[in-house]
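Colleague: Handing you a structure now.
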Amino acid sequence: MKDVNIETKCIQAGYVPGNGEPRQIPIIQSTTFKYDTSEDMGKLFDLEASGYFYSRLQNPTNDYVAAKIAALEGGTAAMLTSSGQAANFYAVFNIASSGDHVVAVSTIYGGTYNLFAVTMKRMGVDFTFVSPYCTDEELEAAFRPNTKAVFGETIANPALVVLDIERFAGAAHAHGVPLIIDNTFATPILCTPFKFGADIVTHSTTKYMDGHGAGVGGCIVDSGKFDWTKYPDKFPGLCTPDESYHGVVYTERFGLGGAYITKATAQLMRDLGSIQSPQNAFILNLGLESLHLRMERHCANAKKIAEYLSSNENVSWVKYSALPTDKDYALAQKYLPKGSCGVVSFGVKGGRKAAEAFMKKLKLASIETHVADARTCCLHPASATHRQMNDEELVAAGVSADLVRLSVGLENADDLIADLDQALKA
Ligand SMILES: *Cc1c(COP(=O)(O)O)cnc(C)c1O
């Protein structure tokens, strides 16, 4: 599926049925797989043959869908996880453990911030958070000898800042570490971070990829481009024998294209078990089949609404990078030429109280801790997803107290504008 366009990959990549096989991907709803001899099975355990033995590690349905996402992102290997949180945890923990350090962008999703700043810190991994707008000197100063990765989001949730991926990739590579990009909001339809130097991409597939609010899930994709073997001291887990897997050296056995994902599957999935259910993978694939069409409409609707909000007297500010007046417009032109996704954030005049009152009046847009699906919904992060943060942390995360995050769905844009209009007037 190399020489076809991304729309064709949305439909056809990942699963190619043989003669007389199901046209739609089969849901292999089985925990385990049968073998004729113990020798056959032993080879799988030794990673000498590829095949399935237990769905905690791998399942064919999941692999079809992961292969489709790898094709969409232009990667060499991918794995599904039970959630976006699991994807980001595995993506980092696969190369950074106790005693290591990671540079992360401060505007990342609140759940990821908490995972890094609290839970992973408790596990001994230290994080330095830098502003997406930091100077080169500030970015440089964030690195330490034990830094193992740089982490950011293409479009930050909910700050909607567009990351200068090339700049962060350059800094990461100058220090011999990979750039991990959470591409959830952009999806590969709007941006493929590997083209700009990112090495690993993660997704909360719960959002646009599923797109119907039906299944929680995540995905990790490897570009296969980062050469771990150039830095064997930094990445011993990939470059030296894994005693928990019969001394396999992942980079030797699976090459640069397969080492990172195989290690994450063989060690992290085996021990931590955050597998996606095959049923959810099937639902995710249905979403992927229309991702290209849906993203187009999400972007068109959101742009129309962002323009409407910009001219409304009860709105104090609008953040949407496809607006020419936006601070990130130039970055969006470069990284998101097809559109800036369906999420718009704005401030309601009158601050926190007014924002809450406005949201109560909405009829079509419902209040949800969710974004990026077919139904329009909104959230006041300061009183929901980000409520564990103090005012200083909120500012660093790019979330002000009056911020309303509006996830524009696939309804008729004029109907949505009418709904916003009556609520803002009230
Ligand atoms: C939602 C989200 C996550 C977490 O994903 P879950 O599927 O909810 O675990 C991570 N990153 C971003 C950018 C998100 O929007």
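The values are calculated or read from the model by the stated rules, or taken from the named source; none is laboratory data. Keep in mind that what you see is a predicted model, and the values were worked out from it rather than measured. Counting neighbours? That spans all protein chains shown, and the Cβs are built from the backbone with ideal geometry, glycine included. Heads up: the accessible areas ignore ligands, DNA and RNA and are worked out on the full protein's heavy atoms, side chains in. Shrake-Rupley method; radii C 1.70, N 1.55, O 1.52, S 1.80 Å.
Colleague: If F226 meets every condition in (1) outside any helix (DSSP H, G or I); (2) touching a Ser or Thr at 6+ places or on another chain (Cβ under 9 Å); (3) not charged (D, E, K, R) apart from one, which number is that one?
Modeller: The number of the failed condition is (2).
Colleague: A further question on this structure: Test of understanding: among I69, I27, which residue is modelled with pLDDT of 95 or more, open to solvent by 40 Å² or more (accessible area, probe 1.4 Å) and of a type in the set (A, V, I, L, M, F, W, C)?
Modeller: Values: I69 fails: open to solvent by 40 Å² or more (accessible area, probe 1.4 Å).
From the options I69, I27, the qualifying one is I27.
Colleague: Which one of these does D164 not meet: (1) within 18 Å of the chain's Cα centre (by Cα); (2) open to solvent by 10 Å² or more (accessible area, probe 1.4 Å); (3) within 30 Å of N62 (Cβ to Cβ); (4) modelled with pLDDT of 95 or more?
Modeller: (3)
Colleague: Please verify whether T202 is surrounded by 24 or more Cβ atoms within 10 Å (Cβ to Cβ), on the phi < 0 side of the Ramachandran plot and in a strand (DSSP E or B), treating the condition exactly as stated. Give the derivation first.
Modeller: Values: surrounded by 24 or more Cβ atoms within 10 Å (Cβ to Cβ): yes; on the phi < 0 side of the Ramachandran plot: yes; in a strand (DSSP E or B): yes.
Yes, satisfied.
Colleague: Quick one: which of G170, G211, G152, G176 is crowded, with 21+ Cβ neighbours inside 10 Å, over 21 Å from S321 (Cα atoms) and small (G, A, S)?
Modeller: Just one listed residue meets the conditions, G211.
Colleague: On to the next question. Considering only the range 228-241, I want to know if a residue exists there that is within 14 Å of the ligand (Cβ to nearest atom) and among the aliphatic types (A, V, I, L, M). Steps first, answer last, please.
Modeller: So the first thing to find is which residues in the range 228-241 are within 14 Å of the ligand (Cβ to nearest atom), and the list is none.
The answer is no; no qualifying residue exists.
Colleague: If you don't mind, there's one more thing I want to ask. For L424, are the conditions met, namely being touching a residue at least 24 places away in the same chain (Cβ under 8 Å) and surrounded by fewer than 21 Cβ atoms within 10 Å (Cβ to Cβ)?
Modeller: Yes, satisfied.
Colleague: Kindly indicate whether any position in the range 137-144 is in contact (Cβ under 8 Å) with a residue 12 or more places away in the chain, crowded, with 22+ Cβ neighbours inside 10 Å, away from the ligand (no atom under 16 Å from the Cβ) and of a type in the set (K, R).
Modeller: no
Colleague: Same structure, new question: In the range 173-189, how many residues are more than 21 Å from Y90 (Cβ to Cβ) and either in contact with a Cys (Cβ under 6 Å, 6 or more places away or on another chain) or in a loop (DSSP other than H, G, I, E, B) (or both)?
Modeller: 2
Colleague: Scan the range 18-40 and give yes if some residue there is among the aromatic types (F, W, Y) and within 20 Å of Y245 (Cβ to Cβ), otherwise no.
Modeller: Yes, the range 18-40 contains a residue that is among the aromatic types (F, W, Y) and within 20 Å of Y245 (Cβ to Cβ).
Colleague: Now, a different point. When the residues of the range 267-281 are filtered to those that are buried (at least 20 other Cβ atoms within 10 Å of the Cβ) and closer than 16 Å to V65 by Cα, which remaining residue is farthest from the chain's Cα centre (by Cα)?
Modeller: Ranking the qualifying residues of the range 267-281, first place goes to P278.
Colleague: A further question follows. Just wondering, is there one or more residues in the range 231-245 that are open to solvent by 20 Å² or more (accessible area, probe 1.4 Å) and at pLDDT below 95? Show your work before the answer.
Modeller: As a first pass, look at the range 231-245 and keep what is open to solvent by 20 Å² or more (accessible area, probe 1.4 Å): 231-234, 236-237, 239-241, 243-244.
From the residues that got through so far, the ones that are at pLDDT below 95 too are 243-244.
Yes; the residues of the range 231-245 include at least one that is open to solvent by 20 Å² or more (accessible area, probe 1.4 Å) and at pLDDT below 95.
Colleague: For the subset of the range 118-132 comprising residues that are of a type outside the set (S, T, N, Q) and surrounded by 14 or more Cβ atoms within 10 Å (Cβ to Cβ), which member is nearest to A186 (Cα to Cα)?
Modeller: Initially, the range 118-132 is screened for residues of a type outside the set (S, T, N, Q), giving 118, 120-127, 129-130, 132.
With the extra rule that they be surrounded by 14 or more Cβ atoms within 10 Å (Cβ to Cβ), the set shrinks to 120, 125-127, 129-130, 132.
Details: M120: 26, V125: 28, D126: 28, F127: 24, F129: 22, V130: 21, P132: 17 Å.
The qualifying residue nearest to A186 (Cα to Cα) is P132.
Colleague: Next question, about the same structure. Name the single residue, out of those in the range 1-14 being within 14 Å of L284 (Cα to Cα) and assigned to a loop (DSSP other than H, G, I, E, B), that is least open to solvent (accessible area, probe 1.4 Å).
Modeller: Only one residue tops the list, namely A13.
Colleague: Now for a separate question. Are any residues in the range 94-117 away from the ligand (no atom under 15 Å from the Cβ), out of contact with any Lys or Arg (no Cβ under 7 Å at 6 or more places or on another chain) and open to solvent by 10 Å² or more (accessible area, probe 1.4 Å), and if so, which ones?
Modeller: Selection gives S97, S98, G99.
Colleague: I need the full set of residues from the range 119-129 which are without any contact (Cβ under 8 Å) to a residue 60 or more places away in the chain, more than 15 Å from the ligand (Cβ to nearest atom) and among the hydrophobic types (A, V, I, L, M, F, W, C), in order please.
Modeller: M123, V125, F127
Colleague: Identify all residues within the range 152-177 that are on the phi > 0 side of the Ramachandran plot and away from the ligand (no atom under 16 Å from the Cβ); write none if there are none. Spell out the reasoning first.
Modeller: Taking the range 152-177 first, the residues on the phi > 0 side of the Ramachandran plot are 160, 176.
Residue satisfying the conditions is G176 alone.
Colleague: Pick from the range 380-406 the residues that are out of contact with any His (no Cβ under 8 Å at 6 or more places or on another chain) and hydrophobic (A, V, I, L, M, F, W, C): which of them is surrounded by the most Cβ atoms within 10 Å (Cβ to Cβ)?
Modeller: L406
Colleague: Let me ask something additional. Hey, among K327, K363, which residue is out of contact with any helix residue (DSSP H, G or I) (no Cβ under 9 Å at 6 or more places or on another chain) and either open to solvent by 40 Å² or more (accessible area, probe 1.4 Å) or not acidic (D, E) (or both)?
Modeller: Step by step, each of K327, K363 is checked, and only K327 is out of contact with any helix residue (DSSP H, G or I) (no Cβ under 9 Å at 6 or more places or on another chain) and either open to solvent by 40 Å² or more (accessible area, probe 1.4 Å) or not acidic (D, E) (or both).
Colleague: On to the next question. Look at the range 214-223 and say how many of its residues are in a loop (DSSP other than H, G, I, E, B), open to solvent by less than 50 Å² (accessible area, probe 1.4 Å) and within 16 Å of the ligand (Cβ to nearest atom).
Modeller: Of the residues in that region, 2 qualify.
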